[in-house]
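Here is the structure we will look at, set down as structure tokens.
We did not get these values from a lab; they are worked out from the coordinates using the rules stated. A quick note: this is a predicted structure, and the numbers were derived from the prediction, not measured. Neighbour counts run over all protein chains shown; Cβ positions are idealised from the backbone, glycine included.
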Amino acid sequence: MCMKKYLILLFLVPVLLSVSGCDFFRTVAGRPTSADLEKKRGEVLAERQRLREEAVRDSLEKAEVKRKVDSLAEAALEARLLDSLSRKKGTFLRPVRLGGLGKTVLDHRYYVVTGSFKSPENAGKKARKCTEAGYSAVVIPFRNGMNAVGACPSDRISETVRNMDELKRKGICPKEGWILVNDTL
């Protein structure tokens, strides 16, 4: 009879082990079960995701702060350049001082004026010379009958000043050249 009990136990132990699995032994040993481990894994993944999102937010905030600082620095530079240019007579003019713009709508804030002509044909020739030299140029008619040739349009005064210096070095812009400030934008 004793042998039968051992045989039954011998067959019963593997069945019990397969039914209860590792969680039974983990519980008996005081270790976390697979459900506990899965819960912990979910918490770790959620924390990683939170940290990733926080890093992205921080990065976006830093980029926004940098953009604002750069914008303020550009505005300060623009103000200094405009102040400096306004002290030099004839270097920096607004369309109002020339009678205002004709029906032309300008797309940019600043233009290097490489010449001003009574004849639209002469202004067109000068604009073609600028274009052939690799610079964008437009003819800008004024209400007073003059036609200016505006080259290197830009929305940044620092870039416009650099372009004017380059055009003067290359002989495309005469030393009397000036910067047109489009106030209509």
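Summary of values
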| item | result |
| --- | --- |
| Distance in nm between pseudo-label sites at GLU54 and GLU166 (7 Å out along the Cβ direction from Cα) | 4.6 |
| Compactness of the stretch 92-181 as Cα Rg over 2.2 N^0.38 Å, two decimals | 0.96 |
| Neighbour net charge for SER119 - beta-carbon separation under 13 angstrom, K R +1, D E -1 | +2 |
| Pairs from LYS118/LYS168; LYS129/LYS175; LYS126/LYS175; LYS103/LYS126; LYS129/LYS168; LYS68/LYS168 whose Cα-Cα separation, in the structure shown, is over 24 Å | LYS68/LYS168 |
| R0 of 25 Å, Cβ-Cβ distance ASP183-SER136: FRET efficiency to nearest 0.05 | 0.75 |
| Extension gain (nm, one decimal) between ALA46 and ARG67, 0.36 nm per residue minus Cα-Cα | 4.4 nm |
| Pairwise FRET efficiency - ALA35 versus ILE8, Cβ, R0 = 30 Å, nearest 0.05 | 0.45 |
| Rounded to the nearest 20 debye, dipole of the stretch 92-181 from Cβ charges on Lys, Arg, Asp, Glu | 220 |
| Karplus 3J(HN,Hα) series, Hz, for the stretch 122-130 with 6.51 cos²θ - 1.76 cosθ + 1.60 (x for Gly, Pro) | 5, 5, x, 4, 5, 4, 5, 4, 5 |
| Environment charge of PRO32, counting only residues whose C-beta is closer than 12 Å and scoring Lys/Arg +1, Asp/Glu -1 | +2 |
| Chain lengthening between GLU74 and PHE25 when straightened (0.36 nm per residue, less Cα-Cα) | 10.7 nm |
| Nonlocal amide H pairs with VAL113, under 5 Å, H built at 1.01 Å | ALA151, TRP178, ILE179, LEU180 |
| Protection proxy ranking, peptides 106-118, 46-58, 156-168, average beta carbon neighbours within 10 Å, highest first | 106-118, 156-168, 46-58 |
| Gained length - GLU176 relative to ARG143, 0.36 nm times residue gap less alpha-carbon distance | 9.8 nm |
